[in-house]
Amino acid sequence: MITLTLLKSNGGARSETVTVFPEQIGSGEMLWVDAESPTDQELADLRQRFGLDEYAVEDVIHRNQRPKMEDYGKNVFAVVHVPVVKGHSSEIVELFVFFQKNWIITIHSVDSELIHSVDARIRARGLSPLTTSPTPDLLFYIFLDFAVDAYYPILDEEENRLEEIDKKATTTFKTRVKRMENIVAIITTIEGVRKRLMALRRSLTPTRDMLGMVMRGAVPFVADASLRSFRDVYDHSFQLLETIDNDRDRTSDVRDLYISLHSASTDNTIKVLTLVATIFLPLTLLAGIYGMNFTPGFSQPGTGDPLGFYVLILAMIFISLGFVYTFKRSGWI
């Protein structure tokens, strides 16, 4: 489906939907062509009508492109990644953009919230306050601005998830009920957050590089007066990348915290078992000695005394208490 929007300068820039390609785009006018899931024939028509490069059109057909910007002389081709929230996860949607001095083309495969947001904006107030005379470079800036800003709520959600996991560390190790199951689930969640952050970074880094090309003035059809607007998006991309790096480091810290607490919990369990085994070692020795059957010529001390059994039990108790006292003095328990 192809939608044509003609932006005109009339004091304040306004827009209107047209049904056919205008023969000529007058001064102070700009044509926005939005193609949602275009057919092969529609792509061929766009290529012929606007002189699009065949390699760029091939990228649109095959998709799975990293964010980039290429100069084809007659027009500029750009791939923009737009993060989209899907339930408790997110995915990256590709937006393909062609623009020249008086027209811009956007191509996407699914219904795009970004396209609806930009369309609502330009229908409400055109490109103001940026300009009263619509230009493709400023509309391209708006697409980039909306795309980069879409990273913020996703990163906020990931930060909130890390905060919750961090707070669960103490409560998770206070109880032994399903402790291992909880730890495995939490570590899995942390790895999921880390993967999503890495995916966002792989998408945002080339976007920043693309904005860097614009800021260096290496992209045609972008006026010097528009660079100030692009600088704002460029700064946002740097800020987002720093946030992603910080959150990625935090995932490592939280994961190490759980691993350390688990190791400490395991060490404490082993220490208790070792203390119990150490206390019962001499008791087992005494019980073994007095439980052996020898000839009448060999007699264990106290075996002939009616109170011998009780004396031996009392000795075992004193030995146990002596071990506990020694362990406490040594700081082992």
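The values are calculated or read from the model by the stated rules, or taken from the named source; none is laboratory data. No experiment lies behind these values; they were computed from the predicted model shown. Using ideal geometry, Cβ is built from the backbone for each residue, glycine included, and neighbour counts are taken over all protein chains shown.
Hey, can you tell me all the residues within the range 32-59 that are farther than 26 Å from Arg121 by Cα and of a type in the set (A, V, I, L, M, F, W, C)? Give the steps one after another, and end with the answer.
Of the residues in the range 32-59, the ones farther than 26 Å from Arg121 by Cα are 39-45, 47-49, 51-59.
Scanning the range 32-59 gives Leu43, Ala44, Leu52, Ala56, Val57.
Which of (1) in contact with a Leu (Cβ under 7 Å, 6 or more places away or on another chain); (2) closer than 18 Å to Val148 by Cβ is the odd one out, the single condition Val193 does not satisfy?
The failed condition is (2).
Identify all residues within the range 241-250 that are crowded, with 17+ Cβ neighbours inside 10 Å and either outside the structural domain of Ala199 (by TED's automatic domain parsing) or over 10 Å from the mean Cα position of the chain (by Cα) (or both); write none if there are none.
Passing the criteria: Leu241, Thr243, Arg250.
Is it the case that Val233 is modelled with pLDDT under 85, under 30 Å from Asn102 (Cα atoms) and surrounded by 13 or more Cβ atoms within 10 Å (Cβ to Cβ)? Give the steps one after another, and end with the answer.
Numbers: modelled with pLDDT under 85: no; under 30 Å from Asn102 (Cα atoms): yes; surrounded by 13 or more Cβ atoms within 10 Å (Cβ to Cβ): yes.
Spelling it out, it is not the case that Val233 is modelled with pLDDT under 85, under 30 Å from Asn102 (Cα atoms) and surrounded by 13 or more Cβ atoms within 10 Å (Cβ to Cβ).
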